[in-house]
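Chemist: Mind looking over this structure? Questions follow.
The values are calculated or read from the model by the stated rules, or taken from the named source; none is laboratory data. What you see is a predicted model; the values in this text were computed from it and never measured. As a convention, Cβ positions derive from the backbone with ideal geometry for all residues, glycine included, and neighbour counts pool all protein chains shown. Heavy atoms of the whole protein, side chains included, go into the accessibility calculation; ligands, DNA and RNA do not. Shrake-Rupley method; radii C 1.70, N 1.55, O 1.52, S 1.80 Å.
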Amino acid sequence: MTHLLPTHGFDWKHSNSSGYGTHQPVLYQAIQQTECSKHPMASMPILELGCGLFSTELIQKFAGTRKIVSVDSDEAWLDQYKAAYQNDNHEFKLLNFNEMQMSGCYSVVFVDQGCWQSRADSLRHYSASAFFVVLHDSDYLPRELGVDFSKLYYYHKTFMPLQPYPYVTGPPTTILSNFVDVTSWEINYEDYQ
């Protein structure tokens with residue numbers, strides 16, 4: 001895998017003190033790698049499970065011409081992002097956690113919704129229908145829910161933010177795929193300043 005350097009001029013927020021943006025470099029690399037791939041799934045839409053300050057803008061900026069579907073369970077939160085980012089290529093859906101396992105194939109699925117069980121269900125559901133899955137706060141599912149990434153995906157790799165960590169666990173972000181060997185990915189968070 002070729003490490004793609006980040007685009008300059010984007011306001012990278014992964015090193016903030018909250019820990020909310022630590023997924024940005026991994027999500028960016030997943031989106032950019034699909035741009036370079038000739039695999040049929042690479043041109044499919046991008047699905048964002050859980051809108052957010054550190055993901056919605058990034059996805060829209062780098063998705064190119066691909067359709068984006070952003071989903072959230074909180075109507076007021078969703079409306080805030082819908083007002084700022086909705087366009088012909090970017091659809092917003094209000095769904096409860098049990099409805100977030102949608103049909104269709106996706107180039108990238110970003111898993112960051114507010115319910116841990118829904119995140120685990122999404123990992124299982126999208127294992128055969130997403131080229132890449134990016135899971136934020138990825139330490140929780142194995143530790144608290146017993147999710148074994150290796151039983152769902154052939155390839156996965158976890159990345160930690162720069163130290164000192166903004167939160168006690170990092171928090172880490174994991175890239176998962178059943179189509180591309182991501183174990184050789186190298187992401188230098190210092191490049192994203």
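Chemist: Across the stretch 45-69, which residue is surrounded by the fewest Cβ atoms within 10 Å (Cβ to Cβ) among those that are without any contact (Cβ under 8 Å) to a residue 40 or more places away in the chain and farther than 24 Å from His125 by Cα?
Modeler: Ranking the qualifying residues of the stretch 45-69, first place goes to Thr65.
Chemist: Does the stretch 148-182 hold any residues that are of a type outside the set (D, E, K, R), at pLDDT 90 or above and more than 15 Å from Ser138 (Cβ to Cβ), and which are they?
Modeler: Scanning the stretch 148-182 gives Tyr154, Asn178, Phe179, Val180.
Chemist: If you don't mind, another one. Scan the stretch 101-128 residue by residue and report those that are in contact (Cβ under 8 Å) with a residue 40 or more places away in the chain, polar (S, T, N, Q) and farther than 23 Å from Leu53 by Cα.
Modeler: Scanning the stretch 101-128 gives a single hit, Ser127.
Chemist: On the given criteria, is Asp72 at negative phi, in contact with a His (Cβ under 6 Å, 6 or more places away or on another chain), modelled with pLDDT of 95 or more and open to solvent by less than 50 Å² (accessible area, probe 1.4 Å)?
Modeler: No.
Chemist: Can you tell which of Glu57, Glu75 is more than 15 Å from Val133 (Cα to Cα), more than 15 Å from the chain's Cα centre (by Cα) and not aliphatic (A, V, I, L, M)?
Modeler: Numbers: Glu57 fails: more than 15 Å from the chain's Cα centre (by Cα).
On inspection, the qualifying residue turns out to be Glu75.
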